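Have a look at the structure below, then the notes.
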Amino acid sequence: MRLVFIGAPGAGKGTQARRLESEKGWTVVATGDLLRAAIAENTPLGQQAQAYIQRGELVPDELVNQLVAERLATLDSFILDGYPRNLAQAAMLETILTQPLDAVIYFEISEDALIERLSGRRICPKCHAVYHLTANPSPRGDQCGVCEATLITRDDDQPDTVRKRFQVFREQTAPLIDYYRERGLLHTVPADAAPDAVYQRVLSVL
Ligand code: AMP
C-alpha cells in the first residue's frame, strides 16, 4: 500500500500513520520526524533545517526531496506523513515513485480544534510516539508508554509558531487537496474525533 497523508499541523496524521504501521506493517516516512532526528544528531541536513523548523516555515524542497527519495528507494509499502507539503514536492514525488500511489487521505479539522490539540501534544523524542495530555495520555504519565523515554513538547508547538504553520498549510499545502482530487486519489476523513474513531474511518476508506 502506498499512501500520502495530508492535514494541518495537529490533524492526527502521525498518530494514525503509526497505528497503521504497527497493525499493517506499512512503513511510515514522516519528514518532520526525519528532520528532527537530523537536528538531534547535528548532521549537515539538521543544521540546515533547524532554523526553518523553528520559524514554522517549510524546509527548502531540495533538502526534503532528497531525504524522501533515499527513504522510498527501499520501500514497496509506505505511508508518507508530511510529504508532499506543496505542489513542487508533489511533482517531485511523481518522479521518485516507481509505482503509483494507492490513495491520499486528507484529515479535515477546524483550526480551533487544532490549537487545543497542539497545546496538549507531547511526543517521544526516541520512538516518535505521540500523546495528548487529556485526549490520549501516556499510561506512564510523562514517560513514553512504549519506550519509557521522557516525553517532550515540540518547540514548534508554541503558539506563535503554530500560527505560522497554519498559514503555511493554508497557502502551500492546501492546494494539494485539489491536486489529488483531480487525479482521483483524494479521500477526506473528518478528523475532529477521538483517535480510535478516526482510525475506523481511515480503515473504511482503505
Ligand atoms: P511535521 O512534524 O510534519 O509537523 O513537520 C515539522 C516541520 O518540519 C514543518 O513545520 C517544516 O518546517 C518541516 N517539514 C516537515 N515536512 C516537510 C516537507 N515535506 N517540506 C518542507 N518542510 C517540512
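Which numbered condition in (1) outside any loop (DSSP other than H, G, I, E, B); (2) open to solvent by 80 Å² or more (accessible area, probe 1.4 Å); (3) within 10 Å of the ligand (Cβ to nearest atom) is the only one that residue 39 fails?
(2)
For the range 77-88, check the following and say yes or no: at least one residue is crowded, with 20+ Cβ neighbours inside 10 Å, farther than 19 Å from residue 183 by Cβ and modelled with pLDDT of 95 or more.
yes
Only one of (1) closer than 29 Å to residue 199 by Cβ; (2) in a loop (DSSP other than H, G, I, E, B); (3) within 10 Å of the ligand (Cβ to nearest atom) is not met by residue 33, so which one is it?
For residue 33, the exception is condition (2).
For the range 114-126, check the following and say yes or no: at least one residue is under 29 Å from residue 196 (Cα atoms), away from the ligand (no atom under 14 Å from the Cβ), of a type in the set (Ser, Thr, Tyr) and in contact with a strand residue (DSSP E or B) (Cβ under 7 Å, 6 or more places away or on another chain).
Scanning the range 114-126, I find no residue that is under 29 Å from residue 196 (Cα atoms), away from the ligand (no atom under 14 Å from the Cβ), of a type in the set (Ser, Thr, Tyr) and in contact with a strand residue (DSSP E or B) (Cβ under 7 Å, 6 or more places away or on another chain), so the answer is no.
Residue by residue through the range 4-23, note down the ones that are more than 15 Å from the ligand (Cβ to nearest atom) and touching a residue at least 40 places away in the same chain (Cβ under 8 Å). Spell out how you get there, then give the answer.
Filtering the range 4-23 down to residues more than 15 Å from the ligand (Cβ to nearest atom) leaves 19-23.
The answer is 19, 20, 21.
Quick one: in the range 89-109, of everything that is open to solvent by 60 Å² or more (accessible area, probe 1.4 Å) and in a loop (DSSP other than H, G, I, E, B), which residue is farthest from residue 180 (Cα to Cα)? Even if it seems obvious, please write down each step before you answer.
Step one: of the range 89-109, the residues open to solvent by 60 Å² or more (accessible area, probe 1.4 Å) are 92, 94-95, 98-100, 102, 108.
Still in the running and in a loop (DSSP other than H, G, I, E, B): 98-100, 102.
On the way: 98: 18, 99: 16, 100: 12, 102: 11 Å.
Filtering the range 89-109 for residues that are open to solvent by 60 Å² or more (accessible area, probe 1.4 Å) and in a loop (DSSP other than H, G, I, E, B), the one farthest from residue 180 (Cα to Cα) comes out as 98.
Mind checking whether some residue in the range 118-133 is more than 27 Å from residue 3 (Cα to Cα) and either modelled with pLDDT of 95 or more or among the small types (Gly, Ala, Ser) (or both)? Before you say what the answer is, go through the steps one by one.
Within the range 118-133, the subset more than 27 Å from residue 3 (Cα to Cα) is 119-120, 133.
Keeping just the survivors that are either modelled with pLDDT of 95 or more or among the small types (Gly, Ala, Ser) (or both) gives 119-120.
Yes, the conditions are met somewhere in the range 118-133.
Being more than 30 Å from residue 93 (Cβ to Cβ) and not charged (D, E, K, R) is the requirement here; does residue 188 meet it?
Answer is no for this residue.
Hey, can you tell me all the residues within the range 131-171 that are part of a loop (DSSP other than H, G, I, E, B) and open to solvent by less than 60 Å² (accessible area, probe 1.4 Å)? Give the steps one after another, and end with the answer.
First pass over the range 131-171, keeping only residues part of a loop (DSSP other than H, G, I, E, B): 133-135, 137-139, 141-142, 144-149, 151, 153-154, 158.
If the condition is that a residue be part of a loop (DSSP other than H, G, I, E, B) and open to solvent by less than 60 Å² (accessible area, probe 1.4 Å), then 138, 141, 144, 145, 147, 149, 151, 153, 154 are the ones that fit.
Quick one: how many residues across the range 172-193 are open to solvent by 60 Å² or more (accessible area, probe 1.4 Å) and over 20 Å from residue 35 (Cα atoms)?
9
When both residues are 6+ apart or on different chains and their Cβ atoms are under 8 Å apart, which pairs have a first residue that lies in the range 44-73 and is within 8 Å of the ligand (Cβ to nearest atom), and a second that is outside any helix (DSSP H, G or I) and of a type in the set (S, T, N, Q)?
Short answer, once both residue conditions are applied: 58/86; 61/86.
The values are calculated or read from the model by the stated rules, or taken from the named source; none is laboratory data. All of these numbers come straight from a predicted model, not from anything done at the bench. Every residue, glycine as well, gets a Cβ built from its backbone with ideal geometry; the counts of neighbours run over all protein chains shown. Areas reflect the complete protein model, heavy atoms only, side chains present, ligands, DNA and RNA absent. Shrake-Rupley method; radii C 1.70, N 1.55, O 1.52, S 1.80 Å.
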